[in-house]
Amino acid sequence: MTADAAGAVEIGGALARLRRATGLPVAFGGLLESGRPQIRISELSGTHTAALRALAVTSGNGLGGKAVALARPCAVTDYSSSRQISHEYDAQVATEGIHSVVAVPVVVRRRVRGVLYGALRSVQPLGDRTLGAAVAAARDVEQALVVQDEARELLAAARAEPAVADRGAAWEQVREAHAALRALAPRIPDPGLRAELLAACGLLTASCPAGGAALAPRELDVLSWVAAGATNAAVAERLGLRPETVKGYLRSAMRRLGAHTRGEAVTAARRAGLLP
């Protein structure tokens, strides 16, 4: 699945959650087209027509374009008569029969990546609860896109690192990348990207001799960060676990590897080809 396709999936899920949380009859949205200052509406929820599908919304134009240009939420009570926006898309909006609309930009690393819309088929103000829910839905998409970006950056780094892994400093980067990839993988909703991340972890350990030891995924996650020099508290924070849980996984890993200390466990895992 491509980055754009994965982002579209996230937007579709956010629109469904927005409608459930607010009762809005219509929600739609899309991502910024690569290399172009416009949003392409790709995800529709509750629409009666195809008028909005694939609509290209240019930055500054209409309500969504205004939200993109200002990088902040914008709303109108009656789209067709509003003097706060330009009206390039009135025909499509009228065909769908919507009036009161909110548009919230999806902003990742200070760059607008998409827009979520929520709409009513009547002329009435959108309350604070609805506006808050729309903003929360956009934040969910932002977090998902951040995770996907981090995953792809780590994946690219992981593929590049083995060529220089025999250098001291670079080798430590390999270990950190391995730990970060393993920690990030469970947070990736796209199964294809998640599998790709775990495969990259395997590439980072490919130069190690194989052994008979085996660890559970969470045991390996914990030991990966321990190998990178993290304390139990730091491991717990990175993996979203309690410190006591981290200690339990570490003890279990040590037992499986026949090790008596953290250092021995790391060494045994490396010899077994489980860690870089």
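The values are calculated or read from the model by the stated rules, or taken from the named source; none is laboratory data. A quick note: this is a predicted structure, and the numbers were derived from the prediction, not measured. Heads up, the Cβs are rebuilt from the backbone with ideal geometry, glycines too, and the neighbour counts pull from every protein chain shown.
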(Q) Yes or no: the stretch 232-244 includes at least one residue that is at pLDDT 70 or above, out of contact with any Pro (no Cβ under 6 Å at 6 or more places or on another chain), loosely packed, with under 15 Cβ neighbours inside 10 Å and under 30 Å from ILE11 (Cβ atoms). (A) yes
Q: Go over the candidates ALA119, ALA136 one by one and state the one that is among the small types (Gly, Ala, Ser) and either over 17 Å from LEU44 (Cα atoms) or touching a helix residue (DSSP H, G or I) at 6+ places or on another chain (Cβ under 7 Å) (or both).
A: ALA136
Q.
VAL57 - would you say it is crowded, with 22+ Cβ neighbours inside 10 Å, of a type in the set (Val, Ile, Thr) and farther than 20 Å from THR130 by Cβ?
A. yes
Q: Test ALA69 against the criterion of being in contact with a Ser or Thr (Cβ under 7 Å, 6 or more places away or on another chain), at negative phi and surrounded by fewer than 17 Cβ atoms within 10 Å (Cβ to Cβ), and give yes or no.
A: yes
Q: Can you tell me which residue within the stretch 76-103, out of those that are of a type in the set (D, E, K, R) and touching a residue at least 12 places away in the same chain (Cβ under 8 Å), is surrounded by the most Cβ atoms within 10 Å (Cβ to Cβ)?
A: GLU96
Q) Out of curiosity, is VAL164 surrounded by fewer than 20 Cβ atoms within 10 Å (Cβ to Cβ) and at pLDDT below 70? A) yes
Q | Leading residue by the ranking (surrounded by the fewest Cβ atoms within 10 Å (Cβ to Cβ)) among those in the stretch 104-155 that are of a type in the set (D, E, K, R) and touching a Leu at 6+ places or on another chain (Cβ under 7 Å) | A | GLU150
Q: Could you please find all residues in the stretch 119-161 being under 14 Å from the mean Cα position of the chain (by Cα) and at pLDDT below 80?
A: VAL147, GLN148, ASP149, GLU150, ALA151, ARG152, GLU153, LEU154
Q: Please give the number of the condition ARG53 fails out of (1) more than 21 Å from the chain's Cα centre (by Cα); (2) among the charged types (D, E, K, R); (3) part of a helix (DSSP H, G or I).
A: (3)
Q) Out of ALA214, ALA227, ALA269, ALA253, which single residue is closer than 23 Å to ALA199 by Cβ, over 25 Å from the mean Cα position of the chain (by Cα) and loosely packed, with under 15 Cβ neighbours inside 10 Å? A) ALA214
Q.
It is to be established whether one or more residues within the stretch 22-38 are surrounded by fewer than 22 Cβ atoms within 10 Å (Cβ to Cβ) and assigned to a helix (DSSP H, G or I).
A. yes
